[in-house]
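Shown next, in C-alpha cells, is the structure this report addresses.
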There are 2 protein chains.
Amino acid sequence: MPESPRRTLKLGAVLLGVGGPGQHHTWLDPQIPTDASVDVRWYIARAQEAEAAKFDHVFIVDSQFITPDSPNHYLSRLEPLTLLSAIAVHTEHIGLVGTLTTSYNEPFNVARRLASLDHISGGRAGWNVVTSGDAGTAGNYSRDAHFDYATRYGRALEHVRVAQGLWDSYEADALPRDRERREFLDPTKLHALHHTGEHFRVVGPLNLERTPQGQPVIFQAGDSEEGRDLGAAIADAIFTHAQTLEQAVAFRTELRERAAAKGRDPQNVLIVPGIHPIIAETDEEARARQDAALGARSFEKALAELGRPFGWHDFSQYDLDAPFPSVAAAGALSFRTQAEGITRLAIEKGWTLRQVVQHQLDAGRSPFVGSPLTVADEIQRWFEAGGFDGVNITVNAPGDFARFTDQVLPILRERGVVRSDYESTTLRGNLGLPVPENRYTAARPEEAKAASLVP
Amino acid sequence: MPESPRRTLKLGAVLLGVGGPGQHHTWLDPQIPTDASVDVRWYIARAQEAEAAKFDHVFIVDSQFITPDSPNHYLSRLEPLTLLSAIAVHTEHIGLVGTLTTSYNEPFNVARRLASLDHISGGRAGWNVVTSGDAGTAGNYSRDAHFDYATRYGRALEHVRVAQGLWDSYEADALPRDRERREFLDPTKLHALHHTGEHFRVVGPLNLERTPQGQPVIFQAGDSEEGRDLGAAIADAIFTHAQTLEQAVAFRTELRERAAAKGRDPQNVLIVPGIHPIIAETDEEARARQDAALGARSFEKALAELGRPFGWHDFSQYDLDAPFPSVAAAGALSFRTQAEGITRLAIEKGWTLRQVVQHQLDAGRSPFVGSPLTVADEIQRWFEAGGFDGVNITVNAPGDFARFTDQVLPILRERGVVRSDYESTTLRGNLGLPVPENRYTAARPEEAKAASLVP
C-alpha cells in the first residue's frame with residue numbers, strides 16, 4: 001500500500017526523580033532536589049516545562065522490587081498512575097503515560113484506573129505495558145516464583161486484550177443522561193465482555209463509560225523475541241533503546257513488518273526510543289561533559305547493577321580479571337534477553353568481568369552529543385533514515401532539559417521536523433493515531449444486540 | 001483508665017456524583033450536572049467547599065460490579081484513588097479517604113498507592129477498607145465465586161496488617177540523602193517484612209519511604225459481627241449508619257468495648273456515621289422538603305434495589321401483596337447481614353413484599369431534619385450522648401451542602417462542638433489520632449538489627 005505522508009517527530013519526556021540505573025550520580029546534581037522522586041511538585045513542574053515545549057507526553061517508568069543496592073530513584077518513588085493523576089490536573093495538553101505491570105495487576109483494575117485517568121485528563125492517558133523483569137517481584141505478590149517468560153508474555157497479551165474489551169463496555173452514546181425523558185442509561189448500549197481465556201476470566205462490564213480517547217494509548221517496551229511480538233500485536237508506540245542508527249533502522253523495519261504480518265497498518269505502530277542528548281556550546285564541550293558524567297559513575301555500583309538482569313546475582317564474588325563467569329540459570333526468568341546478550345558478547349570478545357563492567361559503563365554513551373546544531377542534525381538524520389518515529393528524552397536535570405527545548409527544538413521546528421503546536425486535545429490525536437472503533441458499534445446490529453446486557 | 005478530655009466533633013463529606021442507592025432522583029437535581037460522577041472538576045470544587053468549611057476529610061465510596069439496574073452513580077464513576085490524587089493537588093488541608101477492597105487487590109499495590117497519596121497530599125491519605133459486598137464482583141476477577149464471608153474478613157485483616165507492615169519498611173530517618181557524605185540510604189534502617197500468612201506472602205520492603213502521617217488513616221465499615229470485629233481490630237475510624245440515637249450509642253459503646261478488649265485505647269477508634277441533614281428556614285419546611293424528596297423516589301427502582309443484598313435477586317417476579325418471599329441462599333455471600341436483617345424484620349412484622357419495599361423507602365428518612373438550630377441541637381445532643389465522634393455528611397447538592405456549612409456549622413462552632421480551624425497539617429493530626437510508631441524503631445536495637453536487610 002502507498003505510504004502515508006510522513007508525520008512529524010513525536011516527543012516524549014521520561015520523568016525521573018534522582019535517576020535510574022546508570023544514573024547514580026544524578027542525585028548529586030544540585031539541579032535535582034535529593035527527594036525529587038517523592039516530590040509531586042517536582043514532577044508537575046517538569047511536566048509543565050515539557051508541555052510548554054509542546055511535548056506529546058511524559059513517561060513514568062516503574063518497578064515493584066527493591067534491595068538496598070537498587071538505584072536511588074527505585075528505592076523510594078511515587079506510584080505512576082497516582083502521580084499522573086496529580087499531574088493531569090495541573091497540565092492541559094500533554095499526554096500522561098504510566099507503567100503498569102500485567103504480571104501483578106488485575107485487568108479490571110488496570111482498565112479502570114487508566115480509563116479514570118483518561119477522563120480526568122480529558123483524553124491524555126497512556127499505558128506502558130510491562131511484565132516486570134525482576135524475579136524478586138514475585139515475593140511481594142504471594143508467589144514462590146516469577147511467572148516464566150512465555151507465561152508472562154502470554155498473560156500480557158491477554159491482559160491488554162481484556163482491558164481493551166472492558167474499555168468498549170459502553171458505546172459512546174450509551175449514557176444519554178436526558179432528564180426530560182428520564183433516561184440516564186440506554187441499556188442496549190452497555191455490553192458485558194464475558195472473556196474466558198488461559199489467564200483471566202472477566203465478565204464485565206467496566207463501571208466507567210467510554211473515555212475521551214476511545215481507548216488509552218498503549219506503549220510497550222521489550223527487545224526480546226516475545227517482547228517484539230507483543231509490541232507488534234498491541235502497541236500504538238514502542239519504547240526501545242537506540243545505540244546506532246543501523247540498529248535503530250533494523251529494529252523499526254522489523255517491528256513494522258511484524259505489525260503488518262498481524263494485519264495492522266505499520267503507520268500506527270510508532271517506534272519511540274529513549275535518547276539522552278548532551279548539549280553544549282560546542283561539540284568539544286559536549287563531549288567533555290559526557291566524559292565527566294561517565295567518569296562520575298562508580299565502578300562498584302556498575303558491578304552491583306550488572307547483577308540485575310541475572311536476578312541480582314552478586315558479581316563482586318568473582319575475580320575481576322578472570323574471564324566473565326557463566327551465570328545463565330539464575331537469569332532465565334529475569335531480563336533474559338539482556339543477560340543473554342551480555343554473556344554472548346563477553347564470550348565472543350573473550351572479555352574479563354572488568355571489561356564487561358567497563359563496557360556497560362561505556363554503553364551509557366549517547367549518540368546525540370554536541371552543539372545544538374549537531375544534535376538537531378543527528379536527530380533529523382535518524383528520523384529521516386527511518387530510525388524512529390519519535391524520541392523519549394531521558395534528560396532529567398532542568399537546565400539540561402531546557403538546553404534541548406530552547407536550543408535544539410527551534411532548529412527542528414524551523415525545518416518542519418517537529419510541529420509547532422498541539423494539533424489535538426488528546427494524546428492519541430497528537431500522535432496521529434486513529435480512534436479505535438468500539439467493537440459493538442462496529443459489529444453488525446444483530447451481533448451488538450446479542451452482546452447487549454438486555455434482550 | 002481516666003478518659004481523655006472529649007475531642008471536638010469530626011466532619012467528613014461523602015462525595016458522590018449523581019447519587020448512590022436510594023438517591024436515584026438526585027440526578028434530576030439541576031444543582032448536580034448529569035455527568036458529575038466522571039467530572040474531576042465537580043469533585044475538586046466540592047472538596048474545596050468542604051475544605052473552606054474546615055472539614056476533616058472527604059470520603060469516596062466504591063464498587064466494582066454493575067448491572068443495568070445499578071444506581072446511576074455506580075454505572076460510571078472515577079476510581080477513588082485516581083480521583084483523590086487529583087483532588088490532593090487542588091486542596092491543602094482536607095483529608096482524602098478512598099475506598100479500596102481487600103478482596104480484589106494485592107496488599108503491596110494498595111500499600112503503595114495509599115502511601116503515594118499520602119506523600120502527594122502531604123499527609124492527608126485515608127483508606128476505607130471494604131471486602132466487596134456484591135457477589136458478582138468475583139466474575140470480574142477470574143473467580144467462579146465470591147470469597148465466603150469468613151475468608152473475606154480473614155483476608156481483610158491480614159491484608160491491612162501486611163499494608164501496615166509495608167508502611168514501616170523505611171524508618172523515618174532511613175534516607176539521609178546527604179550529598180556531602182555521599183549517603184543516600186542508610187541500609188540498616190530499611191526492613192523487609194517477610195510476611196507469611198493464610199492469604200498472603202509478602203517479602204517487602206515497600207519501594208516508598210515512610211509517609212508524612214507515619215501511616216495513612218484506616219477507615220472501615222461493616223455492621224456484621226465479622227465487620228465489627230475487624231473494625232475494632234484495625235480501624236482508626238468507623239463509618240456506619242445511624243437511624244436512632246439509642247442504636248448509635250449502643251453501636252459506639254460496643255465498638256469501644258471490642259477495641260479495648262483487643263488492647264486498644266478506645267479514644268483512638270472514632271465512630272463516624274453517615275448522616276443526611278435536611279435543612280430549611282423552619283422545621284415544617286424541612287420536613288416538607290424531605291417528604292418531597294422521598295416521594296420522588298420510584299417504587300420500582302426501590303424494588304429492583306432491594307435485590308442487591310440478595311445477590312441482585314429479581315423481586316419483581318413476586319406478588320407484591322403476598323408475604324415477603326424467602327430468598328436466603330443467593331444472598332449468603334453478599335451483604336449477608338443486610339439481607340438477613342431485612343428478612344428477619346419482614347418475618348417478625350409479617351410484612352408483604354410491598355411493605356418491605358415501603359419500609360426501605362422510609363428508612364431513607366433522616367433523623368437530622370429541621371431549621372439550622374434544630375439540626376445543630378440534634379447533632380450536639382447525639383454527640384454529647386456518645387452517639388458518635390464525628391459525622392460523614394452525605395449531602396451531595398451544593399446548595400444543600402452550603403446550608404449545612406453556612407447555617408448549622410457556625411452554631412456548633414460557637415458552642416465549641418466543632419473546631420474553628422485545622423489544627424494539624426495531617427488528617428491523622430486533625431482527627432486527634434496518634435502517629436503509630438515504626439515497629440523497627442520501637443523494637444529493641446537488636447531486634448531491629450535482625451530485621452534489617454543488611455547484616
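Summary table
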| quantity | calculated |
| --- | --- |
| Helices (runs of 4 or more DSSP H) contained in the stretch B:200-304 and holding at least 2 residues among the aliphatic types (A, V, I, L, M), within 14 Å of the chain's Cα centre (by Cα) and buried (at least 18 other Cβ atoms within 10 Å of the Cβ) | B:225-234 |
| Selected residue (criterion: modelled with the lowest pLDDT) from residues of the stretch A:180-196 that are part of a strand (DSSP E or B) and not hydroxyl-bearing (Ser, Thr, Tyr) | A:Glu183 |
| Check on B:Asp389, at pLDDT below 95, of a type in the set (Asp, Glu) and on the phi < 0 side of the Ramachandran plot | no |
| For A:Trp382: the one exception among (1) buried (at least 17 other Cβ atoms within 10 Å of the Cβ); (2) over 25 Å from the mean Cα position of the chain (by Cα); (3) at pLDDT 90 or above | (2) |
| Selected residue [within 12 Å of chain A (Cβ to nearest Cβ) and crowded, with 22+ Cβ neighbours inside 10 Å] from B:Asp144, B:Asp186, B:Asp178, B:Asp134 | B:Asp134 |
| Candidates A:Leu81, A:Leu28 - the one that is within 7 Å of chain B (Cβ to nearest Cβ) and at pLDDT below 95 | A:Leu28 |
| Qualifying residue in the stretch A:87-103 (condition: closer than 27 Å to B:Gly123 by Cβ, of a type outside the set (A, V, I, L, M) and more than 12 Å from chain B (Cβ to nearest Cβ)) | yes |
| First in the stretch B:200-225 and among the charged types (D, E, K, R), second anywhere and crowded, with 22+ Cβ neighbours inside 10 Å, Cβ under 6 Å, 6 or more apart | B:Glu209/A:Ser76; B:Glu209/B:Tyr170; B:Glu209/B:Leu175; B:Arg210/B:Tyr170 |
| Unique residue being modelled with pLDDT of 90 or more and part of a loop (DSSP other than H, G, I, E, B) when the list is A:Gly12, A:Gly17 | A:Gly17 |
| Answer from B:Leu208, B:Leu175 - the residue that is at pLDDT 95 or above and more than 17 Å from B:Val110 (Cβ to Cβ) | B:Leu175 |
| Matching residues in the stretch A:396-418 - criterion: being modelled with pLDDT under 95 and assigned to a loop (DSSP other than H, G, I, E, B) | A:Asn396, A:Ala397 |
| Pair list, Cβ under 9 Å, 6 or more apart: the stretch B:378-401 residue touching a residue at least 40 places away in the same chain (Cβ under 8 Å), other residue among the hydroxyl-bearing types (Ser, Thr, Tyr) and buried (at least 22 other Cβ atoms within 10 Å of the Cβ) | B:Phe388/B:Thr240; B:Asn396/B:Thr26; B:Ala397/B:Thr26 |
| Subset tally (residues that are within 11 Å of chain B (Cβ to nearest Cβ), touching a residue at least 24 places away in the same chain (Cβ under 8 Å) and not polar (S, T, N, Q)) for the stretch A:49-74 | 6 |
| Test: residue in the stretch A:345-355 that is in contact with a Lys or Arg (Cβ under 8 Å, 6 or more places away or on another chain) and under 30 Å from A:Leu431 (Cα atoms) | no |
| Yes/no for A:Arg161 being in a helix (DSSP H, G or I) and facing chain B (nearest Cβ under 8 Å) | no |
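Residues checked against (1) more than 30 Å from A:Asp134 (Cβ to Cβ); (2) not assigned by TED's automatic domain parsing to the domain that holds A:Gly222:
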site	(1), (2)
A:Ala250	no, no
A:Glu254	no, no
A:Arg258	no, no
A:Leu270	no, no
A:Asp291	yes, yes
A:Ser298	no, yes
A:Ala304	no, yes
A:His313	no, yes
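For every residue, the table says whether it meets (1) on the phi > 0 side of the Ramachandran plot; (2) in a helix (DSSP H, G or I); (3) in contact with a Leu (Cβ under 9 Å, 6 or more places away or on another chain); (4) modelled with pLDDT of 95 or more.
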| position | (1), (2), (3), (4) |
| --- | --- |
| A:Pro68 | no, no, yes, no |
| A:Ser85 | no, yes, yes, yes |
| A:Thr91 | no, no, no, yes |
| A:Val110 | no, yes, yes, yes |
| A:His119 | no, yes, yes, yes |
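The values are calculated or read from the model by the stated rules, or taken from the named source; none is laboratory data. Fair warning: this is a prediction, and the values are worked out from it, not measured in the lab. Because the Cβ atoms are built from the backbone with ideal geometry, glycine has one as well, and the counts that use them run over all protein chains shown.
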